Amino acid sequence: METSSGVIDVVVIGSGFGGAVVASRLIDAGIAVTLLERGPWRDTVATRSAGIARTVPFPRDLSLVTRLLRSLRLPGTPRLTFTKHGLFDIHIDRGVSVICSSSVGGGSHVYSGLQRLPHVANFWDGHAEGVSTAGLQPHYDAVLADMGSAQASPALKLPNTTYQRYANSNAIETPPPEGPTWLGFLFPTEPGKPETITDANGITRNQIDVAANDDGFLGSPGGGKTSLDIAYLIPAMRKGLKIRDLCEVESIEQLSGNAAARYAVHVTDHHSGRKERLLAANVIVAAGGLNTLRLLLRSRDGAKTLSGMPNLGRRFGCNGDFMGWWDQSEYGDLTAGLPARGPFRARGPEDHPVLGGGAFPAIDRYPLPQFLKQRLRRVQWIAGIGVDAMDGVARWSSQGLRIDFNGDDSPVFARIKAGVRALVERTGKRIHYTKNPITVHPTGGACMGASIATAVVDANGEVFDHPGLYVADAAALPAEPGGPPSLTIAAWASHVAARFIARRKAS
Ligand SMILES: Cc1cc2nc3c(=O)[nH]c(=O)nc-3n(C[C@H](O)[C@H](O)[C@H](O)COP(=O)(O)OP(=O)(O)OC[C@H]3O[C@@H](n4cnc5c(N)ncnc54)[C@H](O)[C@@H]3O)c2cc1C
């Protein structure tokens, strides 16, 4: 909603774990919010039931070629955008590659649905006054309740877990998980018998069919994965949230001399192809770890419409991410099951880090010959995670965003690779991986902290030297959670909203 002067109270940029949660909380408090998302609404059972008119299917069949990639950036070249409807955005730099996605609902469509508290004890303590682990806990609890996440347990009777698969293996062991893992899916009331249901918000969804394996990193067309459009955005829209899909923010401009509008947000509306300038009193950036940095750096150093932020781009990290792939033909068809199957590591006295993995989703719908599909059914992706040195630097260059990161600075990558080599030795199977880290968990670069001398945003998520400009996503995290971060990002966004609402009420 705009004021009579055309000024929007709050503009939220991005609709992932940061943007969806912050927007929904503000709407619940009666604050007018417009959310801008560069990606499209996805065509699912849920969005159809909610009457969303303009949707784009997840890539399947030939569209796996035409719609898998939204954009790609190779080292030393500018980013190439192939199609505004594409699902993934890949940034390859010399020392690191970053993968993120683009849709209304952000990374929740492609993620594996694992939700955990930070692996780092007392994660939120000691960064800034007013932020603490105890203070954030109610936000974690609220997000888990909003998403209806289920705690992982044998009662779910999931097929193909690592516990089943490696139970009798002399080469691989499955250590018990440290702390609870929640799963962001709608499970069948009776295991193995998925039904179509209508939830409390009147949204229709198919309970997840784990045998079909259609709910992994290529989206969940039936709605078995609890994506953020289902959990937050559609309900918030019904309460007044204005969502502009396919609306890409190009830059943010700080205004002076206008009491009501503190920022102008420059956008391209991909529906019409028109460029627009939206006036806002407050701007909350939640474009994801990679694109929040791109947007703030481009605005400051490219368009020169923001200034200051001396620590912007510093302390970028990969959450210790490691990716590889592994032929496991001795275990037969691996496809049935959840996107991620549980922990494992090489058996032995060494304290190797725990790895995770899962099958490739929706293989029947790949435009590939049968024999290749059959082969892919026996391959699993494999991932390691942890805490790295978080010493990367993102900056603006003549080619656009550039990230300098050297995995050799962080012992975590060498440790994970040693664990992977041990698996190769014990199993005799090759595991393929790249020299430099590939991350799906870009973290930091606009970190929260005690002062502008060391950080970019304060305990409210507000940029120190830009009143009314906030960061509510992975870029603001003060450290790496060392495990799946989506729950922590959502909790941070919920905290940012609570502080915004409290200050609004107080004034
Ligand atoms: C394959 C894969 C599997 C994963 N599995 C897990 C998992 O199991 N558990 C877990 O915790 N995490 C997982 N993650 C990571 C998780 O998805 C991210 O940490 C999380 O989505 C980040 O939330 P965010 O709000 O910071 O950004 P995002 O969720 O990425 O949302 C940012 C949104 O902003 C939009 N945007 C970007 N730029 C602009 C712009 N200029 N204008 C308008 N909109 C813009 C993007 O299109 C996107 O929708 C996975 C990620 C991937 C890729």
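The values are calculated or read from the model by the stated rules, or taken from the named source; none is laboratory data. Keep in mind that what you see is a predicted model, and the values were worked out from it rather than measured. Quick reminder, even Gly has a Cβ in these numbers, built from the backbone with ideal geometry, and neighbours come from all protein chains shown. All accessible areas refer to the heavy atoms of the entire protein, side chains included, with ligands and DNA or RNA removed. Shrake-Rupley method; radii C 1.70, N 1.55, O 1.52, S 1.80 Å.
Of note:
- Scanning segment 325-337 for residues that are open to solvent by less than 10 Å² (accessible area, probe 1.4 Å) and within 16 Å of the ligand (Cβ to nearest atom) returns a single hit, Gly337.
- Only listed residue being open to solvent by 10 Å² or more (accessible area, probe 1.4 Å), over 25 Å from the mean Cα position of the chain (by Cα) and within 21 Å of Ala336 (Cβ to Cβ), chosen from Thr161, Thr189, Thr198: Thr189
- Residues of segment 139-153 that turn out to be in a loop (DSSP other than H, G, I, E, B) and within 15 Å of the ligand (Cβ to nearest atom), as a count: 2
- Taken as a whole, the condition of being over 22 Å from the mean Cα position of the chain (by Cα) and open to solvent by 40 Å² or more (accessible area, probe 1.4 Å) does not apply to Gly148.
- Arg277 vs. criteria of a type outside the set (Gly, Ala, Ser), closer than 24 Å to Thr81 by Cα, at pLDDT 95 or above and part of a strand (DSSP E or B): yes
- Taking residues in segment 322-339 that are under 15 Å from Thr162 (Cα atoms) and among the β-branched types (Val, Ile, Thr), and partners anywhere that are in a loop (DSSP other than H, G, I, E, B) and open to solvent by 30 Å² or more (accessible area, probe 1.4 Å), the pairs with Cβ atoms closer than 7 Å and at least 6 places apart or on different chains are Thr335/Arg377.
- Here Leu423 passes the criteria (1) more than 21 Å from the chain's Cα centre (by Cα); (2) within 16 Å of the ligand (Cβ to nearest atom); (3) surrounded by 19 or more Cβ atoms within 10 Å (Cβ to Cβ) except the one numbered (2).
- The residues of segment 16-26 that are within 13 Å of the ligand (Cβ to nearest atom) and either basic (Lys, Arg) or closer than 25 Å to Leu255 by Cβ (or both), listed by number, are Gly18, Gly19, Val22, Ala23.
- Taken as a whole, segment 263-284 holds at least one residue that is in contact (Cβ under 8 Å) with a residue 60 or more places away in the chain, under 28 Å from Ala479 (Cβ atoms) and within 12 Å of the ligand (Cβ to nearest atom).
- Options Ser63, Ser97, Ser103, Ser71: the member that is of a type in the set (S, T, N, Q), at pLDDT 95 or above and farther than 21 Å from Ala287 by Cβ: Ser63
Rundown of residues vs (1) outside any strand (DSSP E or B); (2) basic (Lys, Arg), yes/no style:
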position: His432; (1), (2): no, no
position: Thr454; (1), (2): yes, no
position: His466; (1), (2): yes, no
position: Pro478; (1), (2): yes, no
position: Ile489; (1), (2): yes, no
position: Trp492; (1), (2): yes, no
position: Arg499; (1), (2): yes, yes
position: Lys505; (1), (2): yes, yes
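- Cβ-Cβ under 9 Å pairs, at least 6 apart or on other chains, segment 227-254 side farther than 26 Å from Lys275 by Cβ, far side within 10 Å of the ligand (Cβ to nearest atom) and in a strand (DSSP E or B): Ala236/Leu35
- Some residue of segment 47-68 being farther than 29 Å from Glu195 by Cβ, within 13 Å of the ligand (Cβ to nearest atom) and open to solvent by less than 20 Å² (accessible area, probe 1.4 Å): no
- Residues in segment 113-138 that are of a type in the set (A, V, I, L, M), over 30 Å from Asp214 (Cα atoms), open to solvent by 40 Å² or more (accessible area, probe 1.4 Å) and not in a loop (DSSP other than H, G, I, E, B): Ala134 only.
- Qualifying residues in segment 229-261 (those that are away from the ligand (no atom under 16 Å from the Cβ) and farther than 26 Å from His466 by Cα) - the one surrounded by the most Cβ atoms within 10 Å (Cβ to Cβ): Pro235
- Leading residue by the ranking (least open to solvent (accessible area, probe 1.4 Å)) among those in segment 81-104 that are more than 12 Å from the ligand (Cβ to nearest atom) and under 18 Å from the mean Cα position of the chain (by Cα): Val96
- Looking only at residues of segment 376-409 that are out of contact with any strand residue (DSSP E or B) (no Cβ under 6 Å at 6 or more places or on another chain) and more than 20 Å from Pro75 (Cβ to Cβ), we find that the one that is surrounded by the most Cβ atoms within 10 Å (Cβ to Cβ) is Ile385.
- Restricting segment 457-507 to residues that are of a type in the set (Ser, Thr, Tyr) and over 27 Å from Gly342 (Cα atoms), the residue that is farthest from the ligand (Cβ to nearest atom): Ser507
- Residue that is in contact with a strand residue (DSSP E or B) (Cβ under 7 Å, 6 or more places away or on another chain), more than 23 Å from Leu72 (Cα to Cα) and part of a loop (DSSP other than H, G, I, E, B), where the choices are Pro353, Pro349: Pro353
- Residue match in segment 302-316 (condition: at pLDDT 95 or above, in a strand (DSSP E or B) and open to solvent by less than 10 Å² (accessible area, probe 1.4 Å)): yes
- Taking the criterion of being open to solvent by less than 10 Å² (accessible area, probe 1.4 Å) and aliphatic (A, V, I, L, M), the residues of segment 428-455 that qualify are Ala446, Met448, Ala455.
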